[in-house]
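One structure below.
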2 protein chains.
Amino acid sequence: MKAAVLFSGGKDSALASILLEPFFEVELVTLDYGHHNTTKTAEKTAEILGFPHRTVLFEREILEEALQMLLSTGYPRDALNYVHRCAVETLAQENEFVADGTKREDRVPMIGQNEVRSLEDRLGAHYIRPLAGYGSKTINLLASNYMEFEMLPSEDYPASDFEVGLRQALEERCGPETVAEIFPTNHMHSRVIRRKGFEHKNQR
Amino acid sequence: MKAAVLFSGGKDSALASILLEPFFEVELVTLDYGHHNTTKTAEKTAEILGFPHRTVLFEREILEEALQMLLSTGYPRDALNYVHRCAVETLAQENEFVADGTKREDRVPMIGQNEVRSLEDRLGAHYIRPLAGYGSKTINLLASNYMEFEMLPSEDYPASDFEVGLRQALEERCGPETVAEIFPTNHMHSRVIRRKGFEHKNQR
């Protein structure tokens, strides 16, 4: 059974993939708005982790819609939720099993319970959140067991994730002041540098 | 790292254990109200699954409190939540990693987000719900890949779970009519009969 995992290059989506690895053929998939080469980080990290990787382009209107949401609401929540939902939908159209790295404590992005069921029923897909039952403390500990990663400020565009991509597109369109108004400052993203202990416990 | 998994003998707690197996030393733990030999099923199933198993006795007052809740509220929800929370607390007092088989769709038992964080901080423990990010459809599919199980009516006391134990104690105290008034009829529990494919995917 193949599972397509939404992948940013950060430690959460990497750990989600590692947790699925003994049970699924994992394929990492990064969605891209279509410019900026934002998927380079994800590609490199996928290679480090040892998983196959693929980039899928969002339809053009999705970035437009997300930028409009950012500008009209003045905060990132709705736009991030929208883009994440589009990404899961896109993958669920061509994969039976779709997963992501959203966590127990995440409020954004978050697909509501009813929406998840509708998506699964409509597309005949299974949506899996391997980290949904793990708190941040546990995730950090497991991530450190299996990976080396570094923390980098969002402003440096360190990951291939939706927030980083939206910041980049918004800056291009409206300048860095608008980005600073809408997105939180001092926000950090993780980037995986190395995988440790390729072997699972009971393979040893 | 050892994880203590709350175990009833049913497919959900069994699948939760299988998902943790590559990453933790799994020990199955069944909590018992102290009479009725309700843990026999769990013991047998643990052996079938190939995990070590242990029974822990609830403190006497917990059953009393739960029975009072059943009788005063007239439905099982609060009592089941109470007993489950006591079980997680009991395990978290002596284990760093505690897990259970609660699922994405479960409303009962369910420990609220704030309570979970308080429990983790207070006891220095990690509470893990391996199935929290999986829907019932996905769980049934994975469970069928890894186990053979049968579905049996609650009235037959088929599992070592909290509901079955409470039904049994309530019947003894107040008779089968009271059980029928408080608990739903036609409620089914699963019981694992056989484990399939002991090997994980990437061990093959």
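Values quoted throughout were computed directly from the atomic coordinates according to the rules given, and no laboratory measurement underlies them. Note that the structure is a prediction, hence the values are computed from the model and not measured. For neighbour counting, all protein chains shown are included, and Cβ atoms are generated from backbone atoms with ideal geometry for every residue, glycine included.
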| Calculated label separations, residue B:68, copies of the chain, 7 Å along the beta-carbon direction, nm | 5.9
| Amide H contacts of residue B:149 (H built 1.01 Å from N, under 5 Å, at least 5 apart or other chain) | B:193
| task | Quick one: what are the phi-derived ³J(HN,Hα) couplings along the stretch B:136-147, Karplus 6.51/-1.76/1.60 with θ = phi - 60°, whole Hz, x for glycine and proline? | result | 4, 4, 5, 5, 5, 5, 5, 4, 5, 5, 10, 8
| said: Treating the point 7 Å from Cα along Cα-beta-carbon as the label, what are the nm separations from residue B:108 to the other copies, to one decimal? | reply: 3.6
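What FRET efficiency do you get for residue B:56 and residue A:108 if R0 is 60 Å and r is their Cβ-Cβ distance, rounded to the nearest 0.05?
0.95
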| field | Environment charge at residue B:64 (Cβ cut-off 14 Å; Lys +1, Arg +1, Asp -1, Glu -1) | value | -2
| request: Can you bin the stretch B:2-196 into rounded, prolate or oblate? Criterion: square roots of the alpha carbon gyration tensor eigenvalues sorted a ≥ b ≥ c, rounded for a/c under 1.5, prolate for a/b above b/c, oblate for the rest. | output: oblate
| Full-stretch length increase - residue A:25, residue A:144 - with 0.36 nm per residue and alpha-carbon distance subtracted | 40.5 nm
| request: Report ³J(HN,Hα) in whole Hz for each residue of the stretch B:106-111, in order, from the Karplus equation J = 6.51 cos²θ - 1.76 cosθ + 1.60 where θ = phi - 60°; Gly and Pro get x. | output: 5, 9, 9, x, 8, 9
| query | Can you give me the Cα centroid spacing of the stretch B:40-89 and the stretch A:1-54 in angstrom? | reply | 40 Å
| said: Tell me which trypsin sites (Lys or Arg not before Pro) from the stretch A:57-135 have a DSSP coil assignment and no more than 13 other beta carbons within 10 Å of their own. | reply: A:107
| Using a simple charge model, +1 on the beta-carbon of Lys and Arg, -1 on the beta-carbon of Asp and Glu, nothing else, what dipole does the protein assembly as shown show about its Cα centre, in debye to the nearest 20? | 920 debye
| Taking amide H positions as placed 1.01 Å from N in the peptide plane, with prolines and chain starts having none, which residues 5 or more places from residue A:99, or on another chain, fall under 5 Å of its amide H? | A:4, A:5, A:6, A:128
| query | If the cut-off is a Cα-Cα distance under 19 Å, which lysines reach residue B:2, setting aside same-chain residues fewer than 8 apart in sequence? | reply | A:137, A:201
| How far apart are the residue A:197 label points across copies, placing each 7 Å from Cα toward Cβ, in nm, shortest first? | 2.5
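Can you check what the Kirkwood hydrodynamic radius comes to for the protein assembly as shown, Cα pairs only, in Å to one decimal?
For the protein assembly as shown, inverting the mean 1/r across all distinct Cα pairs yields 22.6 Å.
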| Per-residue mean of other chain beta-carbon atoms within 10 angstrom of the beta-carbon, peptide B:15-24? | 4
| remark: Relative contact order in percent for chain A (Cα pairs under 8 Å, 6+ apart) equals 27 percent
| remark: Sorted by chain and number, the residues with a modelled amide H under 5 Å from that of residue A:25, at a separation of 5 or more or across chains, are A:2, A:3
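DSSP beta bridges in the stretch B:2-196, what fraction antiparallel, as a percent rounded to 5? Present the calculation step by step, with values, prior to reporting the outcome.
On the way: 7 of 23 bridges.
Of all bridge pairs located within the stretch B:2-196, approximately 30 percent are antiparallel.
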